[in-house]
1. Do you know which residues across segment 76-103 are out of contact with any Leu (no Cβ under 9 Å at 6 or more places or on another chain) and crowded, with 21+ Cβ neighbours inside 10 Å?
2. Hey, can you tell me all the residues within segment 267-310 that are over 26 Å from Pro234 (Cα atoms) and modelled with pLDDT under 80?
3. Restricting to segment 311-325, name every residue that is within 19 Å of Asp287 (Cα to Cα), modelled with pLDDT under 80 and either of a type in the set (Gly, Ala, Ser) or in a loop (DSSP other than H, G, I, E, B) (or both).
4. Filter segment 269-284 down to the residues that are crowded, with 16+ Cβ neighbours inside 10 Å and of a type in the set (A, V, I, L, M, F, W, C) and list them by number.
5. Just the residues that are touching a residue at least 24 places away in the same chain (Cβ under 8 Å) and under 16 Å from Lys126 (Cβ atoms), please, taken from segment 170-187.
6. How many residues, within segment 187-222, are over 24 Å from the mean Cα position of the chain (by Cα) and within 26 Å of Thr248 (Cβ to Cβ)?
7. Please indicate, with yes or no, whether at least one residue in segment 275-291 is under 28 Å from Ser205 (Cβ atoms), part of a helix (DSSP H, G or I) and more than 24 Å from the chain's Cα centre (by Cα).
8. Would you be able to say whether some residue in segment 108-121 is acidic (Asp, Glu), closer than 29 Å to Ala172 by Cβ and crowded, with 19+ Cβ neighbours inside 10 Å?
Amino acid sequence: MVMRTASLLCLLLALGTALLPLPVPAHADDNDFNPGAATPNEILAQARRCADRNDYAIAIQLIDRYLRIPGVDRPALAEGVFLRAKIAQKIDEPTAALVWYRRYLSEFPDQIDAPRAMFQSGELYKQLGAYDRAREAFYKTLSFAINKASSLEKDDFSSSLRLSQAATWELAETEYLDSNWDRADELYERFKKQNPSLEKLIQTSNYRQADIAFQLHKTPEAIAKYETALSIAPFHPFAAESWLRLVTLYGQTKDKDKQSAALQSFIWLVNTLEKDDQLYWQRRCADQLLAEYKDHLIDQESLLETILKNKENPAWAKMLDFYLSLLDRQASDPASNLPRPSVAANDNWNKWLGDFRTRLGKIIQQIEVMRNTDTTSVSGGADSAAGTK
């Protein structure tokens with residue numbers, strides 16, 4: 001199995017670093033630190049300091065040295081293993097981090113960080129797409145939080161509550177990513193009811209539940225939920241995707257006015273908040289229009305006119321060029337199948353469409369010239385070679 005192989009490799013690499021010599025201290029305040037003369041507690045403390053300032057390579061070597069010291073008690077060893085796992089996670093080595101968290105849970109299941117190790121294991125499994133393992137880890141985290149809550153001190157209880165909230169959220173996210181729509185919807189709803197003060201996550205839940213209704217083809221419900229989510233959090237990271245989904249949904253319900261307004265809101269949001277990803281969203285928009293209207297091109301007139309109105313941003317005209325080229329490939333007779341604008345937009349539309357046809361014709365001519373030149377060159381070269389021979 002690929003994941004097991006990667007995990008074994010990361011473990012071997014991690015163990016291999018223990019054989020390397022410790023480098024010269026990288027910071028002035030390390031000059032008095034001598035790993036050879038330091039106590040185990042001092043080595044672990046220095047490893048923590050290095051990790052806090054992102055000197056991960058030095059921290060790893062210190063931890064590996066620390067874990068080989070004989071006589072260190074179990075809680076202290078557990079702390080070293082947990083720190084090593086956290087560092088692997090921070091430097092984006094998920095399989096290595098899983099090896100260390102699993103070691104912690106195997107050797108120190110009774111230690112204080114065991115619930116967090118279980119939760120972080122779930123996060124890593126989710127990151128790697130192992131949703132069954134992630135689901136199992138989050139349920140175990142929840143089970144611990146519930147079973148231990150009554151016996152914990154106030155500070156520990158607060159920490160356990162936060163862990164329980166995080167595990168509930170991540171369970172919903174795992175089910176969503178695994179396309180278990182009904183179960184995900186149930187968990188998001190439960191999360192909102194149990195955690196009314198977590199405003200940002202509740203906003204995200206609203207968007208997720210709208211998308212679930214969309215995935216289940218519940219059109220009226222999806223429209224209502226997207227509209228609610230956008231009214232509560234109009235600048236949420238999921239807002240652009242939601243406006244694009246509403247373009248589709250309003251089209252399905254034949255509400256042309258709302259469909260054009262949704263497309264205009266989508267364009268405004270992309271121009272305002274998604275500038276760095278503008279090309280991505282334009283391509284998404286073009287692909288969506290093509291998929292939905294390739295068999296009834298005339299129905300998208302108002303949408304193309306809406307895009308055409310964004311004259312202050314030439315990038316959308318380029319997007320229309322790209323989109324029309326896609327239509328040309330789809331339509332057997334582009335002259336008759338390309339959609340036509342309303343009377344009000346006719347002049348601008350025809351000028352733009354004519355310019356597009358002209359540019360497209362020139363490109364085709366250039367391609368033909370290049371083809372003929374290449375053919376002549378190859379033929380001439382062959383004839384010349386034959387004559388020489």
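1. Hits for segment 76-103 are Ala78, Phe82, Ile87.
2. Lys294, Asp295, His296, Leu297, Ile298, Asp299, Glu301
3. Ala317, Ser325
4. Passing the criteria: Leu269, Val270, Trp281.
5. Glu170, Leu171, Ala172, Glu173, Thr174, Glu175, Tyr176, Leu177, Asp178, Ser179, Ala184
6. Number of matching residues: 4.
7. no
8. The answer is yes; a qualifying residue exists.
The values are calculated or read from the model by the stated rules, or taken from the named source; none is laboratory data. Predicted model only: the values in this text are computed from it and were never measured. Cβ coordinates were reconstructed from backbone atoms using ideal geometry, including for glycine residues, and neighbour counts include every protein chain displayed.
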